[in-house]
Structures are given as C-alpha cells and as structure tokens.
Amino acid sequence: VTKTVRSSGHGTTKPAVARGSEPQQDRSVRTKAQVLAAAAELFAERGFRGTNIQDVADRVSMTKGAVYFHFPNKDSLAVGVVEAHYARWPEILEHVRDKDMSPLDAVEKMFDRAALAFRDDPLIQGGARLQIERDYIDAALPEPYIGWMARVAAMLWEARESGELREDVDPDAAARYLVAAFFGVQHVSEILHHRADLLERWAEMRGLTFAALRK
Ligand code: LUB
C-alpha cells in the first residue's frame, strides 16, 4: 500500500456569512481544535475502525459537512490527531527540569509527566492508539517513538558525563529500553484497567529501572 499525506482541507473555502463578532478565522481555528479534541477522545475509546465522521460531528454538535470542511476524510482526521499529539508533548514537558536537577532525575520526571498524560489526556491517548493502528490508516503518520528515544538518550549521555549513570550502561540502549518498556506498561494498564492503575505500575517500573541505571 502506498501511503500519501493528504491535505487537511483548511484554507480557501469560506462561509458566506460570518456569524457573531468573532473573526471568522479565529472561529475556524477554534472549531478545528474542537473537532480534533472530540476525534481524539473517540479514537482513544473506540479505535480508528470503530469511529466515523458522524460520531465526531455528533460529539461537537456540528454537521458532518462542518467536520468535512476541516478534514476531508477519516484518514486525514487521524493524521490531524497524531500531529496534535506530537505538538502536545512539548507543552506537557515544559519546565520539567529545574535549574539544579540532575539529568537522571529529569528523565524520571519526564516519564512521571508522561504517565499522567497517558492517564488523563485524550490527545495523548488517541494519538498513541492511532499509532498502534497505523496499518489501518491510509496516510503517512510520523515515525513513532524515535523523538522520545532521542530526547531521553541525550539526557542519559549527560547523566553518564556527570557520573550519575552506572558505567556499564549504554545510554542509547537504556533510552530505547525506557521508551519501549514505558509504552508497554501504559498499554497493559490500558487493556487491563483503562489506565486506572497506571501511576502505580509506572512507579514500579521506575523503581526497578532506575535502581539498575544509577551508580
Ligand atoms: C509516545 C507515542 C505515544 C512515547 O513518541 C511517540 O511516538 C509516542 C505514539 O504512540 O507516546 C512515550 C514514551
């Protein structure tokens, strides 16, 4: 299957009459964000195949046509949610590291925040589920996990330099392992308990893993 990125359809067509006093462009941006938020919830709850455009329209009390104005099909809506997922991480991880925090402590805190986001944030949940279901989506999605791995690896190299990491630990291998294990932990928690136990399961993983990483 050849995957192509499709246009998300925003731009040129404008409603003839602007309602109210809000500038039409602002309203359009806000509407698109509402559609993405509703779609993220539905994709998180029901998956790609269990969701249709009508469900999304119903959830935001719009017509199907209003949704199609922003996203011409379900595949482009999925791409929109996955892109919004990746745009959300920098907001979640903002100011994660105080000035005097060590690199290894900062890595722990990044995943602490990720665990909260997986438990509470539909954009994170929906994007993660769509990435698992990427073979059903007829569009190119961003390559998953590599951004996280690179970010964690950079911090682990720093931890190695500052003597915080055990000397026999390869920072790149540890970063790959941390991201893969964390993703597995949140997935199992989702399947078994709708992520209600995610913070406890993450705390267990954190205890075991960081005991093995720290000098
Ligand atoms: C992150 C997801 C979900 C990894 O980086 C990514 O691609 C991610 C996509 O499935 O969370 C978080 C460790």
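The values are calculated or read from the model by the stated rules, or taken from the named source; none is laboratory data. What you see is a predicted model; the values in this text were computed from it and never measured. Every residue, glycine as well, gets a Cβ built from its backbone with ideal geometry; the counts of neighbours run over all protein chains shown. SASA here: full protein model, heavy atoms, side chains in, ligands and nucleic acids out. Shrake-Rupley method; radii C 1.70, N 1.55, O 1.52, S 1.80 Å.
Residue pairs whose Cβ atoms lie under 8 Å apart, sitting 6 or more positions apart in sequence or on different chains, and linking a residue in region 144-171 that is on the phi > 0 side of the Ramachandran plot to a partner that is in a helix (DSSP H, G or I) and within 16 Å of the ligand (Cβ to nearest atom), are Y145/V179; Y145/A180; Y145/F183.
Taking (1) modelled with pLDDT of 95 or more; (2) part of a helix (DSSP H, G or I); (3) open to solvent by 40 Å² or more (accessible area, probe 1.4 Å) in turn, L36 satisfies each apart from (3).
If the condition is being open to solvent by less than 60 Å² (accessible area, probe 1.4 Å), within 11 Å of the ligand (Cβ to nearest atom) and touching a Leu at 6+ places or on another chain (Cβ under 6 Å), then region 84-107 contributes only H85. One residue alone among R113, R176, R160, R195 is farther than 21 Å from A212 by Cβ and part of a helix (DSSP H, G or I), and that residue is R113.
Looking only at region 108-143, which residues are surrounded by 15 or more Cβ atoms within 10 Å (Cβ to Cβ), more than 16 Å from G80 (Cβ to Cβ) and near the ligand (Cβ under 8 Å from one of its atoms)? Within region 108-143, F111, A114, F118 qualify. Taking the criterion of being β-branched (V, I, T) and open to solvent by 50 Å² or more (accessible area, probe 1.4 Å), the only residue of region 144-156 that qualifies is I146.
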